[in-house]
1. Considering the Cα positions of segment 337-458, please state its Rg to one decimal place and its Dmax as a whole number of Å.
2. Along segment 415-431, what does the Karplus equation 6.51 cos²θ - 1.76 cosθ + 1.60 (θ = phi - 60°) give for ³J(HN,Hα), rounded to whole Hz, x for Gly and Pro?
3. Given 400, 565, 39, which one lies farthest toward the positive end of the charge dipole of the chain, if we put +1 on the Cβ of every Lys and Arg and -1 on the Cβ of every Asp and Glu?
4. For residue 519, enumerate residues with amide H under 5 Å from its amide H, sequence gap 5+ or separate chain, H modeled in the peptide plane.
5. Treating only the Cβ atoms of Lys and Arg (+1) and Asp and Glu (-1) as charged, compute the dipole magnitude of segment 480-629 about its Cα centre; round to the nearest 20 debye.
6. Order these peptides, 559-569, 80-90, by their mean beta-carbon neighbour count within 10 angstrom, highest first.
7. Could you give each residue of segment 308-317 its phi-based ³J(HN,Hα) in whole Hz, using Karplus coefficients 6.51, -1.76, 1.60 with θ = phi - 60°, and x for Gly or Pro?
8. With runs of 4+ DSSP H residues as the only contributors, calculate the mean residue ellipticity of the chain at 222 nm using -39,500 (n - 2.57) per run, divided by the residue total and rounded to the nearest 500.
Amino acid sequence: MRNRYLAPVLLLMMLPLSARAQVAPPDLSRQQPAVLEAFRLADQGKLSVQDTARIADHPLRGWVEATALRRTLGAASAADVRSALRRFDGQPAADWLREAWLLHLAKRGDWRGFRADYRPSTSLELRCAELSARVALGETDAAWVSDAQALWLTGTTLPASCDLPFKSLAAQGKLDAALRWQRIELAATEGQTGLIRFLAPGLPAAEAARARDYADFIDAPHARAVNWPRDNRSRNVAAEGLARLARRSPDAAQAQLDTLSKALGMDEAQRGKVLYQIALWTVASYLPGSSTRLEAVPAASYDERLHEWRVREAMNRRDDASAVRALEAMPSAQRNDPRWQYYEARLRERLGQADQARALYRQSAGTATFHGFLAADRLGQPYTLCPLEPSQDAALRRRVASNPGLSRALELYAIDRPSQAIREWAALLKSLDAAERYVAIEFAQASGWHDRAVFTIGTAPDDLRHYSLRFPLHHETTLRRESRKNAIDPAWVAAQTRAESAFMPRARSPANALGLMQLLPSTAAMTAKRLGIPYGGASSLYDPDTNLVLGIAHLRHELDQHGGIAYQAIAAYNAGPAPVMRWNRDRPGFDPDFWIETVTYKETRDYVARVLAFSVIYDWRLDGDAVPVSERLLGRTVAKAARRPFACPLPSQGTNPP
C-alpha cells in the first residue's frame with residue numbers, strides 16, 4: 001500500500017516546482033525598483049502624475065495611488081478620490097481607500113458625500129457614521145430606528161461616532177430603560193463594568209444606583225448583594241460576579257455561593273456557572289478538593305473542557321479507574337477523538353483490559369495525529385498518512401497564476417508591505433475554489449511566503465492532508481548541518497521551526513522572540529557566548545542561517561538540561577525550565593504520554609504534542625519513514641530497520657491529520 005500510494009507523492013515532491021508544471025505567476029522583479037520608489041513617494045505624500053505614469057501598467061498601481069491619496073486626504077479633491085475608487089473598484093486597494101475617505105467625510109460632516117460613497121461595512125465606526133449621516137439628512141425612519149437599536153445591543157464599548165445616533169434615538173423616545181437594561185445585562189456578561197457605569201445615568205435614579213452596585217459586585221463581590229431584588233437580572237449578575245471571582249480565588253467564590261444562592265434564589269444553571277469555574281480553577285492547578293468540586297458541577301454545566309480536566313485530574317492522582325469513568329462520561333464525539341481513544345486504551349491496558357485496549361488503539365492509530373502515532377507504536381504498525389498534492393492540471397494552474405489578485409498579493413509581500421499583502425490574499429481566497437486555493441498557496445510558498453498554508457488552507461479533511469503545503473521545508477542544508485553538529489534529529493528541528501514560525505524568517509512574537517526558531521535576543525546572546533561565536537544583535541536573528549545556528553544550539557542546551565529527555569526539553573522551550581521542574585516534582589515517575597497530558601498549561605500541553613506530531617510529517621518529507629514517536633519523545637533515534645513506515649488505510653478507517 002505504501003509503494004502504491006505514497007511513493008508517487010514523494011517523487012512528485014522531489015521535483016522542483018518548474019518540473020511539476022511550467023506555470024507561474026508573472027515575474028515582476030524587474031519593475032520592483034520603480035514600484036518601490038513610487039511607494040516611497042506615496043508614503044511621503046509626494047507622488048506626482050509623472051511618477052504614477054512610470055508604473056501605469058503595474059498591478060500595484062491601485063495600491064500606490066490609494067496610499068498617496070490616504071496620505072493627503074485633507075488636500076485631495078473629492079473628484080480625484082472618487083476617480084480612484086471607480087478605477088480600482090473591486091480591488092482591496094479601493095476598499096482600503098474608501099474606509100479612510102469615509103472617515104474623513106464623517107469628520108468633516110459631509111454627510112451627503114458620505115452617503116454617496118458608503119457601502120455596507122463591518123466597521124462599527126463606519127456603521128455608526130452611516131447612522132449619523134441618515135440623521136443629518138432627515139432619514140430617521142423605522143428602518144433607521146431598527147438599525148440603530150440593533151447596533152446599540154452589544155455588551156462592548158462602541159466608538160465615539162455612535163454617540164450622535166444614540167442621542168437621536170433617545171430623543172425620539174426609542175431608547176427606553178428596557179433597552180438600557182438589555183445592554184447593561186449584555187455588558188455584565190462580558191464583564192464590561194466600565195460600560196455598565198457609563199450606561200447607568202440614563203436610568204431612573206434608583207435603577208442607576210442598582211446598576212452601579214451590579215458593576216461593583218462583578219469587580220469585587222460584596223455582601224450588599226443579599227439585599228438585591230430576587231429577580232433573574234440580580235441572579236445572573238451574581239452568577240457572573242462569582243464566576244469571575246472563582247478565576248481569582250475558587251475558595252472565596254465557594255464561600256459566597258451558598259449564601260447568595262439562597263438569598264436570590266439562583267437556579268441550577270446559575271449555580272452551575274459558578275460551580276463550573278470553581279471546579280475549573282481548582283483542577284487547573286490540581287489543588288486539594290479538585291475531585292469533589294468536579295463532582296459538584298451539574299451535568300448540564302459540563303462542556304468538553306471540563307470533561308477533559310476531569311480525566312486529567314484522575315490521571316494526576318494515578319486513579320486509572322476514575323479516569324476511565326471520566327472518559328465514559330464524555331459525549332460520544334469527544335470520547336471518539338483519537339486523543340481520548342488513545343488514553344482510554346492506555347488506561348484499560350493498565351487495568352488489564354487488553355482486548356478493549358487493542359480495539360481502541362486500532363481506532364486511534366487510523367489517524368495521522370500525535371496520539372494516532374503513539375497508538376501505532378503500541379500496535380507496532382505503520383503510521384497512517386494519506387497525503388494530497390496540489391493539482392497539476394495546466395489549465396487550472398494557468399488560471400490561478402494569471403489571477404491579478406495573486407500577482408498583487410505576492411508582489412506586496414515581496415516588497416515588504418505585509419498588511420496590504422494579507423488584505424489582497426484574503427480577497428483572493430474568497431474568489432477561489434479548493435483546488436485553486438491549494439495551487440495559490442503553492443505559488444505563495446515558491447515566493448517565500450511560507451505561512452499561507454498554515455493560516456489559510458482551511459480545516460476540511462482534504463485541506464489538512466496537503467502536508468507538503470502545510471509543512472514547508474526550507475534552509476534544509478543549514479538545518480541538517482547544525483542538527484548533525486548538535487546531535488539532534490533534523491525532523492525534530494524542522495518540526496520545532498514549523499511550530500514556532502512556520503518557516504517565516506522575519507517572524508516576531510509579542511514577547512519579541514525573533515526569526516525561524518523564535519529566539520529571544522537575550523537567549524541568543526547567551527547561546528552565542530556559550531558557543532564562542534560573534535553575536536550580531538537582535539536584527540541578526542532575522543537571518544535564517546544565524547537563527548538556525550543559535551536556535552539548534554539552544555535546543556541542544558535545553559535537551560542537555562533535561563537529561564536528554566526530548567519531551568521535557570520541548571516543554572521547556574515553550575514554557576521555560578521552572579514549570580518543567582515543578583511538573584517533574586509534582587508527578588515523579590509519570591509515563592511520558594501521561595506527563596504530557598497532565599501538563600497544567602494548555603499552550604505547552606498542545607505545543608509538545610504538536611511538535612512531536614509535526615516531527616513525523618517532517619520525517620516523511622526528509623526521509624520517507626519515521627523515528628517512532630515513543631522513541632523520539634525520549635530523545636532517542638533508531639536504526640533504519642526500526643523506523644516506522646507510512647501507509648494509507650482505507651478511507652473508512654479515518655485519517656484525521658495533525
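The values are calculated or read from the model by the stated rules, or taken from the named source; none is laboratory data. Computed from a predicted structure; not experimentally measured. So basically every Cβ, Gly included, is an ideal-geometry build from the backbone, and we count neighbours across all protein chains shown. We work out accessible area using only protein heavy atoms, side chains counted, and drop any ligands, DNA or RNA first. Shrake-Rupley method; radii C 1.70, N 1.55, O 1.52, S 1.80 Å.
1. 21.1, 62
2. 9, 6, 10, x, 5, 6, 4, 5, 4, 5, 4, 4, 5, 4, 4, 5, 9
3. Final value for the positive-end residue is 565.
4. Close amide H contacts, sequence-distant or interchain: 514.
5. 440
6. 559-569, 80-90
7. 4, 5, 5, 5, 4, 4, 5, 4, 4, 8
8. It lands at -19500 deg cm²/dmol.
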